[in-house]
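Okay, structure first, notes after.
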Amino acid sequence: MPAAQQTPCEVVAPAEQTRPFVFSSPHSGRQYPATFLAQSRLDQHNLRRSEDCFVDLLFQDVADRGAPLLKAHFPRAYLDANREPYELDPRMFEGKLPGFANTRSMRVSGGLGTIPRIVGDGQDIYRQRLSVSEGLHRIDSSYRPYHRMLRDLIQQTHRCFGEVMLFDCHSMPSASLGPDMQPKPDFVLGDRYGTSCSPFLTDTVQTILEDLGYRVTRNRPYAGGFITEHYGNPSANIHALQIEINRARYMDEQRLEPLPQFETVRADLMTVFDTLTRLLDRRLPLYRQAAE
């Protein structure tokens, strides 16, 4: 059985959780099953262009600071955990999909459903159609364990602290232009336009990043995907914030290798969370607004 199926995901856990934070890295997996590579018309280097390369490594020090990090081992091109469980394109499969599959979402139409049809730069992945049974197996063996672990971490943290802040960690290619035709910023914070996370918390993270010298925008072009939308529930003291990092800040996007600046970005991210912790220690629970 391929390694990606043996260990679909992993929790990097602190010796003791001391912060009401949970970190999720669903797109940084880099274990490519041999059967998947054989099905693909692309080589592994091109498939890796869909990865949020090294994002799990940028955030791995959070465990030393008392917060768990959940990371996928399966690659995004194989299965995307930041989608509904059954956003499936019927054109990709030999046979009839289950009636409960969402075959008409915008993400399916764009080739980026739960089992993607294309990689990030638009190239088709597969030589031929997949069987429906294989698609459902990927969901059962990779998607469901990831979300089961994420749900457990959120529930455990909520029971322990009475509140949770989930950071869903991603990266974005630098070459794409933003909606105003300007190069993408260093960070995009997505809180589903204020519905998945307290605006105070999003404001605070943005201010800390800007004080470190980064250019930050909110919700454009990334407002947050399924994880942010599905788990964020500020009224229940569960806050979900998506963080997109411009890859040019820390990696060579052609060679898919870390740059020397990787360590600076990694250290700055830990400064963000150390500063956020100190600020929150002075306040009542996370869901309270600054005016209170």
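The values are calculated or read from the model by the stated rules, or taken from the named source; none is laboratory data. Owing to the predicted nature of the structure, the values given are computational and were not obtained by experimental measurement. Note that we place each Cβ from the backbone using ideal geometry, even for glycine, and neighbour counts take in every protein chain shown. We work out accessible area using only protein heavy atoms, side chains counted, and drop any ligands, DNA or RNA first. Shrake-Rupley method; radii C 1.70, N 1.55, O 1.52, S 1.80 Å.
Things worth noting here:
- When residues of region 214-250 are limited to those that are among the aliphatic types (A, V, I, L, M) and over 18 Å from Pro26 (Cβ atoms), the one least open to solvent (accessible area, probe 1.4 Å): Val216
- Which numbered condition Arg148 fails, given (1) open to solvent by 70 Å² or more (accessible area, probe 1.4 Å); (2) within 15 Å of Gln39 (Cβ to Cβ): (2)
- Members of region 191-204 that are under 17 Å from Phe273 (Cα atoms), over 17 Å from the mean Cα position of the chain (by Cα) and not hydroxyl-bearing (Ser, Thr, Tyr): Pro199, Phe200, Leu201, Asp203
- Gly113 being open to solvent by 20 Å² or more (accessible area, probe 1.4 Å) and outside any helix (DSSP H, G or I): no
Let's see how each residue does on (1) out of contact with any Leu (no Cβ under 7 Å at 6 or more places or on another chain); (2) not in a helix (DSSP H, G or I):
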site: Leu136; (1), (2): yes, no
site: Leu150; (1), (2): no, no
site: Ile154; (1), (2): no, no
site: Ser174; (1), (2): yes, yes
site: Thr195; (1), (2): yes, yes
site: Leu201; (1), (2): no, no
site: Tyr222; (1), (2): yes, yes
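- Flag for Val164 being modelled with pLDDT of 95 or more, under 22 Å from the mean Cα position of the chain (by Cα) and more than 30 Å from Glu253 (Cα to Cα): yes
- Among the residues of this structure, Arg49 counts as one that is modelled with pLDDT under 95, open to solvent by 10 Å² or more (accessible area, probe 1.4 Å) and not small (Gly, Ala, Ser).
- A Cβ distance below 6 Å, combined with a sequence gap of six or more or placement on separate chains, defines the contacts here; from region 14-43, residues that are of a type in the set (S, T, N, Q) reach residues that are assigned to a helix (DSSP H, G or I) in the pairs Ser24/Leu150; Ser25/Val55; Ser25/Asp56; Ser28/Val55; Ser28/Asp56; Gln31/Ala3; Gln31/Ala4.
- Qualifying residue in region 264-273 (condition: β-branched (Val, Ile, Thr), at pLDDT 95 or above, open to solvent by 60 Å² or more (accessible area, probe 1.4 Å) and closer than 30 Å to Leu47 by Cα): yes
- Criterion (at pLDDT 95 or above, touching a strand residue (DSSP E or B) at 6+ places or on another chain (Cβ under 7 Å) and of a type outside the set (Lys, Arg)) met by exactly one of Ala13, Ala63, Ala34: Ala63
- Test: Arg278 is over 17 Å from His27 (Cβ atoms), touching a Gly at 6+ places or on another chain (Cβ under 9 Å), at pLDDT below 95 and surrounded by fewer than 18 Cβ atoms within 10 Å (Cβ to Cβ): no
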